[in-house]
Each structure stands twice: as C-alpha cells, then as structure tokens.
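The values are calculated or read from the model by the stated rules, or taken from the named source; none is laboratory data. Note that this is a predicted model, so its numbers are computed, not measured. Cβ placement follows ideal geometry from the backbone for every residue including glycine, while neighbour counts extend to all protein chains displayed. In case anyone asks, the SASA skips ligands and DNA or RNA and just uses the protein heavy atoms, side chains included. Shrake-Rupley method; radii C 1.70, N 1.55, O 1.52, S 1.80 Å.
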Amino acid sequence: MLRYTLLTTMLLACLYSRPQALSENTSVSLITCGPGADLYSTFGHTAIHIYDRQTGTDRIYNYGTFDFDTPNFYLKFAQGKLNYQLSVSTLERFVLGYQYEGRWVYRQELNLSMADIEALYAFLENNALPQNKDYKYDFFYDNCSTRPRDVFETVLGARLTYSASQKDTAATFRDMIDLYLTNHYWSRLGIYLALGVPCDHSADYRQKMFLPDYLMSAFASASVMQDGTNVPFVKKEGLLLKENPALQGEKGNEFTWVFWAFFGCCLFATLLGNPMRMRWFDVFFFGLIGFLGICLVLLWFATDHTATKWNLNILWALPSWMYGAWLLARGRTNSAFFKWHAAILFFAVVAWMWLPQRLHPAAIPLVLSLMARSWAWQKKKFTELKST
C-alpha cells in the first residue's frame, strides 16, 4: 500500500509540475509600468503576461524581484552580488501594487503564432523553476527589462527585427537615466557620485532597452516574421491603469545653490586668515569627503557593479582627506599635504571639461570649497597646533 501511495504522489507531482496546456485563445503581452516616486522605482518596470481566456491561465513573469531573507542581504546588494529572481503571479495582483503607488501600467499584446506562444510559455515556465529563476542583476546590462527582451529574442530568433529608426539616435547611459531624474535632485546627485565612466559610454539600440520605456518603444515599431510575411510585432495596445499624480508624492527642489552658498562661507572663512577658528569644521569636512572617497574606491574595486568602475569623482573625493582630518583632530598640520591636495583639485577643475565622465554640477562648489580650506592650512608647517 505504501508503495502505491508513493507512486501516486510522484505521478501527481509530475502532473502538477508540468505547465498547463494553452488553448488557441491565448495572448502574450509586454507589460510596462511607469516610474514611481521612490529611487528603486524611478526607471519603471517590465513584465511578460500570458493569458488564456478559455482555460483561465493567467501568468505574469516578473524578473525584478528578490528575496529579503537572503543571508547578508544588504552586503550582497552593496557588492552587486545579490541574486534577482523571476517570480510568477497574476495580472491582478501585479497591477495592484502599481495602483497603490499611482503609477501607470501599459499593455502591448504581441503578434505571435500559437507555436510561438507555446515555445515562449515553455521557456518561461522552465526559467521560473527554483533551480533556474535566480540571476545576478546588473543595472545596465541584465535587469528586469533586458531579460524580457532576451526571452523574445531567444524564442523568435532572427524573425524579430527592430525598426531602423530605433538605431539612429545616439545617447549615453547617463543621458538616458537623466531623463528620469529631472525632479529627483538628491537621487541624481547620489547616482552621479556612485557611477563612473561606463555610464558615459554610448548605448546602442539594444542596450537602450535596459529602460522599460525604451523596450516598449522598440517593440512598438518592431516587426516579426509570420508565415513568410513581416507583420507588426505589437497587435494592439492600451493603458491598463492610468497614472494618479496625487499618489506620486511631492517632487524635490533644486539645491545646487546650497553648495554654492557653502563655498561662499568657506571662502569667507579662508579670507579671514585664521584657520584655527575652522579647525573642527575642517576635521568634519575633510573626514566626510575622505569617507566618500573610500566608498568610491570600494564601489570600484570591491563590488561586481560594472557601472561603478573608473569613477573620476575620485579626483576630488580623495580617500587621503581622512588623513588631513586625522592630522587636524590630533592638533597637527602638514603644509605639504594641503598644498599638494590643493594642486590636485586645481588640475581637476582645469581638466573638468575634457574628462570622459560627466560630473554633477554640485561637485564644482564642493571642489572649490576643498581648495579654499586646503589653502587656509597649507601655510602652516608640520607642527603642533595650540589647543582650541
């Protein structure tokens, strides 16, 4: 009896682990979601929806999820080693989260044959298995938008072609993400500080599809070969959910003037001629910039993030500022140290326009502030300071 029970259990497990057969009334859609107010949702989202009106099969495949219970979650996230996952849900549950956040959701039903739909379904169901669902996320090259692109290109092969108009416009990765950061001023500053030269490389038409809006646009003008004839890839499209601005939250305000005001204060204090009055301020200021420099070095060398390599913010956010802060905190100074750092900052400002990396406008007054405070201390010899 036990043997037959085990056999029956195994057969049922095999039966229910296999994808349910699809009928001829099945549609496949690309689902694109609009940007949200929070940084993680600033660039939108993409998913694939398979819906069988006859059997009721309703599967939405989402490559943008991760497990908060992952051991050392935050460390792995910072190191670029956190696995993202393909999760499967229903359209109703998927849209509910975007309705709560006031974000728009757009559907593009695709022009696919039944054979294509079945191949796509089998591919996604296999990809959603526990042993296959994880992948290492990369913001530019392997994310929730590039994964669906790759799925369709894998299933359809050379039959899927993109419009020539998608290949004409030239833009860098930074140009494209800037479009989404217009009103997210602090997020833009943080992203500019963290991302390096790779962000300023030109993106080809496929690489642009790392952004959901670009993937949606590319599919809208693409074509697919069906029975020897090229037909539009998108059969029909429309909004599933309108944006609700009332739920989007308030936008930020431009703040670069704050950094220029900060520079004005530093310059005024420098012109007073007595750095002792600003000693503990400089300990904090140099220490903060030095800590930023250490973070940039770690993002460059100690993580798997491709976009944080070759970060030229290191030309002014030098980790060695920590040493300057330590000197002043100990009541000591070194005129050569501050003289050389002021010179490095001067050359960084001169070379600013020719750097292969675009730096944030707020960095300019920060660099000038560092120069002013370095100049204030460079006249002092390496000696003990009087306590204050």
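Taking the conditions (1) under 15 Å from the mean Cα position of the chain (by Cα); (2) surrounded by 20 or more Cβ atoms within 10 Å (Cβ to Cβ) in turn, Phe152 satisfies each one other than (1).
Glu153 falls short of the stated requirement of being in contact (Cβ under 8 Å) with a residue 40 or more places away in the chain and either in contact with a helix residue (DSSP H, G or I) (Cβ under 6 Å, 6 or more places away or on another chain) or of a type outside the set (A, V, I, L, M, F, W, C) (or both). The selection criterion, being in a loop (DSSP other than H, G, I, E, B) and either at pLDDT below 95 or among the hydrophobic types (A, V, I, L, M, F, W, C) (or both), holds for Asn253. Selection within region 282-302: residues that are under 19 Å from Thr270 (Cβ atoms) and not acidic (Asp, Glu). The member of this set that is surrounded by the fewest Cβ atoms within 10 Å (Cβ to Cβ) is Phe284. Does Glu237 satisfy being acidic (Asp, Glu), open to solvent by 60 Å² or more (accessible area, probe 1.4 Å) and under 24 Å from the mean Cα position of the chain (by Cα)? No. Taking region 327-348 as the range and being modelled with pLDDT under 90, open to solvent by 30 Å² or more (accessible area, probe 1.4 Å) and either touching a Phe, Trp or Tyr at 6+ places or on another chain (Cβ under 6 Å) or closer than 21 Å to Pro365 by Cβ (or both) as the test, only Asn334 passes.
Looking at this structure, is His305 open to solvent by 20 Å² or more (accessible area, probe 1.4 Å) and within 24 Å of Leu189 (Cβ to Cβ)? Break it down into steps so the answer makes sense when it comes.
Details: open to solvent by 20 Å² or more (accessible area, probe 1.4 Å): yes; within 24 Å of Leu189 (Cβ to Cβ): yes.
Yes; evaluated as a whole, the condition is true for this residue.
Close contacts from region 113-135, counting a first residue that is under 25 Å from Asp67 (Cβ atoms) and a second that is assigned to a helix (DSSP H, G or I), with Cβ to Cβ under 6 Å and a gap of 6+ residues or different chains, come to Phe123/Val155.
Residue pairs whose Cβ atoms lie under 6 Å apart, sitting 6 or more positions apart in sequence or on different chains, and linking a residue in region 322-343 that is more than 14 Å from Arg279 (Cα to Cα) to a partner that is outside any helix (DSSP H, G or I), are Ser335/Lys380; Ser335/Lys381.
Pull up region 99-111, narrow it to residues that are open to solvent by less than 30 Å² (accessible area, probe 1.4 Å) and either in a helix (DSSP H, G or I) or at pLDDT below 95 (or both), then point me to the one that is nearest to Lys235 (Cα to Cα). Don't jump to the end; show me each part of the working.
From region 99-111, those open to solvent by less than 30 Å² (accessible area, probe 1.4 Å) are 102-103, 105, 108-110; that's our starting set.
Checking the rest, the ones that are also either in a helix (DSSP H, G or I) or at pLDDT below 95 (or both) come to 102-103.
On the way: Gly102: 27, Arg103: 24 Å.
If we take residues in region 99-111 being open to solvent by less than 30 Å² (accessible area, probe 1.4 Å) and either in a helix (DSSP H, G or I) or at pLDDT below 95 (or both), then Arg103 is nearest to Lys235 (Cα to Cα).
Scan region 76-83 and tell me whether some residue there is open to solvent by 40 Å² or more (accessible area, probe 1.4 Å) and either at pLDDT 90 or above or over 17 Å from the mean Cα position of the chain (by Cα) (or both). Among the residues of region 76-83, not one is open to solvent by 40 Å² or more (accessible area, probe 1.4 Å) and either at pLDDT 90 or above or over 17 Å from the mean Cα position of the chain (by Cα) (or both), which makes the answer no. Among the candidates Phe281, Phe263, Phe259, Phe285, the residue that is free of Cβ contacts under 8 Å to residues at least 24 places away in the same chain and not aliphatic (A, V, I, L, M) is uniquely Phe281.
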